[in-house]
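One structure, as structure tokens, below. Some questions next.
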Amino acid sequence: MLDVAAIDPVLDEAPCGFVSFTDDGTVLMANRTLATMLGVAPDALVGRHVESMLTVGSRIFYQTHLFPLLRLHGHADEIFLLLRGASGDDVAALANAVRRERDGVWVNECVLLRLEERRKFEDALLAAKKDAEAARVEMERQRQIAEEANQAKSAFLATMSHELRTPLNAIGGYVQLLEMGIHGPVTSAQASALARVSQSQRHLLRLINEILNLARIESGRVDYTLREFPVADVAESVLPMIEPQLVSRSLQFVTAIPTDVVVYADREKVEQILINLLSNAMKFTAPGGRVELRARFSPGDSRCVEITVSDTGAGIPPDRLEQIFEPFVQVDSNLATRKAGTGLGLTISRDLARGMGGDLTATSTLGDGSVFTLRVPAGA
């Protein structure tokens, strides 16, 4: 006789009835759930014949169908049985059984689920499916609302940017005419005031352009022209744009870009990113400091190129490294010490990098400068 260990506590409390029996029908083990279904104590089932739990009709079905299936295929699925409870009431159940060898003895293990419980499970599953479908429909509705709102925002920004840029350009033009003395001599005090007006006009125009650029990126309306080109060529075209600021701030500029480092990207977008990164580096580096522009193939991955812009500036707190890529965020939010800028340059730069299949990340040490790394696919 097979020596059967005590039933596992988890199996004993399972929501389904469980019984194991030998080929001659002797019950080896039954869980508490099955005993409750039949209205008897669990120990009262052990040693009995499994057919004693069935109605007359189900006994015949067990002999002609269930057990032969177990002997022939090793399993029987979704078998309808009527169990005979201690009170004489019939309990409808679905049975799934398997036959396996244990210690040289063939044992049949059967799980029985009351049809009432099955209906509860099916109802719960159906309700869950309905809830999931309702949630999907609601998510789609919210997505459409968000998309419509985004389109409306983009249209609004495009219209407003045009409406605002037109008078701002006019202001800039008239300021230049006044500075040239077209309308008469300009005193030193008036020239100073005109310079402030011109500076404010350029700042507002830059802010409007960057907001419009961000709106275009967010709406997916930015086109990328990907092709191969050497990073050194981009650095050469960018240098004249930043040289005046380098000279005015007495900054040392170092470049280290091998001529064989070629990328597959949108040249205009790479130039825009580098100008943003170099402008930030110069802005936050004290006079006499150093700014470096380097490029190399990523270590261990020749399919990627890393272009780094580093500085000897004040650095960025560790908890702000990710926040600086969010719109309108600056390292120092104190208005008294805040550097001029819109806080959109890094946001736009990272989005452009990702749009080309790359990324933009930053590392920094407070008091020891920052390193921004642009990763883009390498050329073939």
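The values are calculated or read from the model by the stated rules, or taken from the named source; none is laboratory data. Please read all numbers here as calculations on a predicted model, not as lab measurements. Ideal geometry is used to build each Cβ from the backbone, glycine not excepted, and the neighbour counts take in all protein chains shown. Heavy atoms of the whole protein, side chains included, go into the accessibility calculation; ligands, DNA and RNA do not. Shrake-Rupley method; radii C 1.70, N 1.55, O 1.52, S 1.80 Å.
Restricting attention to the range 292-306, does a residue exist that is free of Cβ contacts under 8 Å to residues at least 24 places away in the same chain, open to solvent by less than 60 Å² (accessible area, probe 1.4 Å), out of contact with any helix residue (DSSP H, G or I) (no Cβ under 7 Å at 6 or more places or on another chain) and among the acidic types (Asp, Glu)?
Yes, the range 292-306 contains a residue that is free of Cβ contacts under 8 Å to residues at least 24 places away in the same chain, open to solvent by less than 60 Å² (accessible area, probe 1.4 Å), out of contact with any helix residue (DSSP H, G or I) (no Cβ under 7 Å at 6 or more places or on another chain) and among the acidic types (Asp, Glu).
Can you confirm whether the range 257-269 contains a residue that is in a helix (DSSP H, G or I), of a type in the set (A, V, I, L, M), surrounded by 16 or more Cβ atoms within 10 Å (Cβ to Cβ) and free of Cβ contacts under 8 Å to residues at least 60 places away in the same chain?
No - not one qualifying residue is present in the range 257-269.
Can you tell me which residues in the range 29-45 are out of contact with any Asp or Glu (no Cβ under 9 Å at 6 or more places or on another chain) and surrounded by 16 or more Cβ atoms within 10 Å (Cβ to Cβ)?
The answer is Leu34, Met37, Leu38, Val40, Leu45.
Filter the range 109-139 down to the residues that are of a type in the set (Asp, Glu) and open to solvent by 80 Å² or more (accessible area, probe 1.4 Å), then identify the one that is modelled with the lowest pLDDT.
Glu122
Could you check the range 1-108 for strands (runs of 3 or more DSSP E) lying wholly inside it with 1 or more residues that are at pLDDT 85 or above and among the β-branched types (Val, Ile, Thr)?
By residue number, 17-22, 27-30, 90-102.
Could you tell me which residue of the range 49-96 is surrounded by the most Cβ atoms within 10 Å (Cβ to Cβ), considering only residues that are of a type in the set (Lys, Arg) and more than 17 Å from Ala30 (Cβ to Cβ)?
Arg59
Filtering the range 278-288 down to residues that are in contact with an Asp or Glu (Cβ under 9 Å, 6 or more places away or on another chain) and open to solvent by 10 Å² or more (accessible area, probe 1.4 Å), which residue is farthest from Gly367 (Cα to Cα)?
Among residues in the range 278-288 that are in contact with an Asp or Glu (Cβ under 9 Å, 6 or more places away or on another chain) and open to solvent by 10 Å² or more (accessible area, probe 1.4 Å), the one farthest from Gly367 (Cα to Cα) is Asn280.
Give all pairs with beta carbons closer than 9 Å in which a residue from the range 172-185 that is closer than 18 Å to Leu205 by Cα meets a residue that is surrounded by 15 or more Cβ atoms within 10 Å (Cβ to Cβ) and of a type in the set (S, T, N, Q); count only pairs at least 6 apart in sequence or on separate chains.
Close Cβ pairs satisfying both conditions: Gly172/Ser198; Gly172/Gln201; Val175/Ser198; Val175/Gln201; Gln176/Ser198.
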